[in-house]
Amino acid sequence: MKERIQKIISASGLASRRAGERMISEGLVRINGVTASLGDSADPETDVIEVGGKRISAQGRKTYIMLNKPRGYITSLSDEKGRPCVAELVSSVGKRVYPVGRLDMYSEGLLIMTDDGDFANRLMHPSGEKCKTYRLTISGECSDRALSVMRSPLLIGGYRIRPAEVAVVKSDKNTTLLDVTIHEGRNRQIRKMCEQAGLKLTRLVRISESGLELSDLPVGKWRYLTEAEVEMLK
């Protein structure tokens with residue numbers, strides 16, 4: 001996949017993106033033997049990219065992907081109980097990528113995976129206050145009282161959570177769809193919120209995280225994050 005040369009230089013760990021741009025301007029970067037110009041792109045997997053006469057290895061580049069996790073998979077690379085793991089779904093990436101955060105076995109949706117430890121730690125650190133939105137399927141109608149509870153600063157596992165943003169997407173006597181945005185990631189937080197509100201949760205799908213949208217990515221499939229998406233998350 002072709003990318004801007006300065007991004008490839010930065011991902012290799014050789015220099016920052018801005019420093020990479022200076023190297024390109026100074027004529028120090030070559031693509032397949034041809035001096036590169038600002039704005040040029042290349043495929044680090046197939047093109048020979050040299051900086052100051054030294055070739056950049058694609059092996060040193062970091063990988064960032066999004067998986068649409070199916071129900072029934074655990075957010076782990078292996079499991080002593082033999083349960084299906086998300087690692088099985090991303091084996092075609094060709095690198096060992098780790099989940100950023102968690103989705104429990106019965107939850108679905110957007111899961112970021114990477115081999116960039118610093119990037120993962122920044123996303124998971126509580127000080128980041130990253131917003132995550134979930135699409136909830138509730139059995140039956142959702143009362144005004146239940147909605148009020150869901151929007152309250154509830155006590156979850158001894159921790160007072162920030163009030164969630166709750167929007168009713170669809171509602172009838174059989175099913176209610178809610179979009180719930182939270183600012184923390186307490187263990188099974190959404191499920192415990194529903195329990196306190198007296199709601200019967202039948203399906204839980206994470207549809208966005210920190211501005212990154214699941215969109216129409218098929219269940220069980222993954223894709224690389226774009227340069228703009230990685231920069232946004234950083």
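The values are calculated or read from the model by the stated rules, or taken from the named source; none is laboratory data. Just so it is clear, the structure is predicted and the values come from calculations on it, not from any experiment. Every residue, glycine as well, gets a Cβ built from its backbone with ideal geometry; the counts of neighbours run over all protein chains shown. Calculation scope for accessible area: heavy atoms of the full protein, side chains included, ligands and nucleic acids excluded. Shrake-Rupley method; radii C 1.70, N 1.55, O 1.52, S 1.80 Å.
Can you find even one residue in region 83-95 that is out of contact with any helix residue (DSSP H, G or I) (no Cβ under 8 Å at 6 or more places or on another chain), modelled with pLDDT under 90 and among the acidic types (D, E)? No - not one qualifying residue is present in region 83-95.
Within region 147-158, does at least one residue satisfy the condition of being open to solvent by 70 Å² or more (accessible area, probe 1.4 Å), outside any strand (DSSP E or B), closer than 19 Å to L123 by Cα and free of Cβ contacts under 8 Å to residues at least 24 places away in the same chain? Within region 147-158 (the criterion being open to solvent by 70 Å² or more (accessible area, probe 1.4 Å), outside any strand (DSSP E or B), closer than 19 Å to L123 by Cα and free of Cβ contacts under 8 Å to residues at least 24 places away in the same chain), the answer is no, since none of the residues qualifies.
For A167, the conditions (1) of a type in the set (A, V, I, L, M); (2) touching a helix residue (DSSP H, G or I) at 6+ places or on another chain (Cβ under 8 Å); (3) in a strand (DSSP E or B) all hold with the exception of (2).
Pick from T63, T75: which is of a type in the set (S, T, N, Q) and at pLDDT below 90? First the steps, then the outcome.
On the way: T75 fails: at pLDDT below 90.
Selected residue: T63, the only one of T63, T75 that is of a type in the set (S, T, N, Q) and at pLDDT below 90.
Residues of region 109-142 that are surrounded by fewer than 19 Cβ atoms within 10 Å (Cβ to Cβ), at pLDDT 95 or above and of a type in the set (S, T, N, Q): T137, S139. Taken over region 179-224, the criterion of being open to solvent by less than 70 Å² (accessible area, probe 1.4 Å), over 20 Å from L89 (Cβ atoms) and among the basic types (K, R) is satisfied by R191, K192.
Just give me the residues in region 192-205 being of a type outside the set (A, V, I, L, M) and in contact (Cβ under 8 Å) with a residue 24 or more places away in the chain, in sequence order. Break it down into steps so the answer makes sense when it comes.
Step one: list which residues in region 192-205 are of a type outside the set (A, V, I, L, M), which gives 192, 194-196, 198, 200, 202-203.
Listed by number, the residues that qualify are K192, C194, Q196, G198, K200, T202, R203.
Taking region 42-83 as the range and being within 23 Å of the chain's Cα centre (by Cα) and open to solvent by 50 Å² or more (accessible area, probe 1.4 Å) as the test, the residues that pass are Q59, K62, R71, Y73, S78, R83. Among the residues examined, K234 qualifies as modelled with pLDDT under 95, among the basic types (K, R) and within 17 Å of the chain's Cα centre (by Cα).
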